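Since the structure comes first, as structure tokens, the remarks are kept for the end.
The values are calculated or read from the model by the stated rules, or taken from the named source; none is laboratory data. What you see is a predicted model, and the numbers here were worked out from it, not measured in a lab. All Cβ positions, glycine included, derive from the backbone under ideal geometry; neighbour counts span all protein chains shown. Quick note on the areas: whole protein, heavy atoms, side chains included, nothing else; ligands and nucleic acids left out. Shrake-Rupley method; radii C 1.70, N 1.55, O 1.52, S 1.80 Å.
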Amino acid sequence: MTVDGTARCEELTATGNVPPLVAEVIARARALDFPFSVHPATGRLLAVLAGGVEGGIIGETGSGTGVGVAWMLSTACPGTRIVSIELDGERARQSAELFAGHPEVTILQGDANQLAEHGPFDLLVLDAPSTPGPLDRAVLDPGVHLTPGGVLVKDDLWPLTSWPPRTPDGTEDRARIRWLSDPRMFTTEVTVAEGYAVQIARRRPAGASP
């Protein structure tokens with residue numbers, strides 16, 4: 001969730017250059033005084049990735065008011081399911097209500113790790129902090145939680161400018177390093193807007209050389 005994501009999304013919405021459902025969800029975020037919507041540049045990236053999932057399962061932690069779900073739903077292929085989980089009960093209820101007319105979307109209320117039981121995922125978007133558990137980035141096993149060729153996305157990263165990468169408090173970012181060095185994954189980082197980066201990791205097919 002981006003600190004000023006809702007405001008940035010509103011700026012883009014004003015241009016008319018967003019899918020109608022995305023605009024509707026952004027308006028809901030503003031009505032709920034929720035500022036932490038996904039950055040619109042990341043939303044577009046999620047839409048691109050979601051469009052490549054054909055009949056599989058997309059998982060997301062941290063639904064917020066559903067802006068990320070709306071971006072992904074705007075390009076999702078028929079038969080693709082989207083399952084998103086939100087810790088806050090009221091936001092989860094509002095999001096479930098908003099997507100009630102889309103049977104391919106399920107909004108859950110609970111801790112991020114509870115999403116694991118709905119996998120493995122063809123696309124897994126980690127957009128919320130999680131307590132230690134199966135979807136904690138320190139222990140997430142791509143062989144369990146991603147399908148072969150499945151993609152993991154972690155957003156709201158500061159663009160990588162040195163090695164090793166650091167967390168905001170200056171400590172070594174071990175979770176970030178893990179995906180960049182895990183031999184089971186093809187991993188890269190993309191700067192989507194000034195000051196915002198996204199880590200994208202694809203699980204290597206069986207037998208693929210590192």
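How big is the accessible area of Val38 in square angstrom, nearest 10, if you roll a 1.4 angstrom probe over the protein chains?
10
Enumerate the residues in the stretch 37-67 having an amide nitrogen under 14 Å from the point lying 7 Å beyond the Cα of Phe186 toward its Cβ.
Inside the label zone: nothing.
Let me check something: with ligands and nucleic acids excluded, how do Ile26, Ile107 order by accessible area (1.4 Å probe), largest to smallest?
Ranked from most to least accessible, the order is Ile107, Ile26.
Go through Ser181, Ser95, Ser74 and list them by solvent-accessible area, largest first, probe radius 1.4 Å.
Greatest to least solvent exposure: Ser181, Ser74, Ser95.
Give the accessible surface of the chain per residue, rounded to a whole number of Å², with probe radius 1.4 Å and ligands, DNA and RNA excluded.
46
Carbon-plus-sulfur fraction of the accessible area of the stretch 64-116, 1.4 Å probe, in percent?
Result for the stretch 64-116: 52 percent of the exposed heavy-atom area is carbon or sulfur.
Taking the alpha-carbon set of the stretch 37-103, what are its Rg and Dmax in Å?
11.3, 31
For the chain, what does the relative contact order come out to in percent, with C-alpha contacts under 8 Å and a separation of six or more?
Computed over the chain, the figure is 16 percent.
Rg and Dmax of the stretch 39-163 over Cα atoms: what are they, in angstrom?
So, for the stretch 39-163, Rg and Dmax equal 13.7, 46 Å respectively.
Report, largest value first, the span of the C-alpha coordinates of the chain along each principal axis, in whole Å.
Here the spans come out as 45, 36, 30 Å, largest first.
What is the mean projected area of the alpha carbon convex hull for the stretch 111-185, to one decimal in square nanometres?
For the stretch 111-185, averaging the hull's shadow over all directions gives 5.2 nm².
So, in nm, how far is label Trp163 from label Ile177 when the simple model puts each one 7 Å beyond its Cα toward the Cβ?
Going from the Trp163 label point to the Ile177 one covers 1.2 nm.
State which stretch of the chain is the longest one without any exposed GluC sites (Glu not before Pro), exposure meaning a DSSP loop state and at most 11 other Cβ atoms within 10 Å.
55-193
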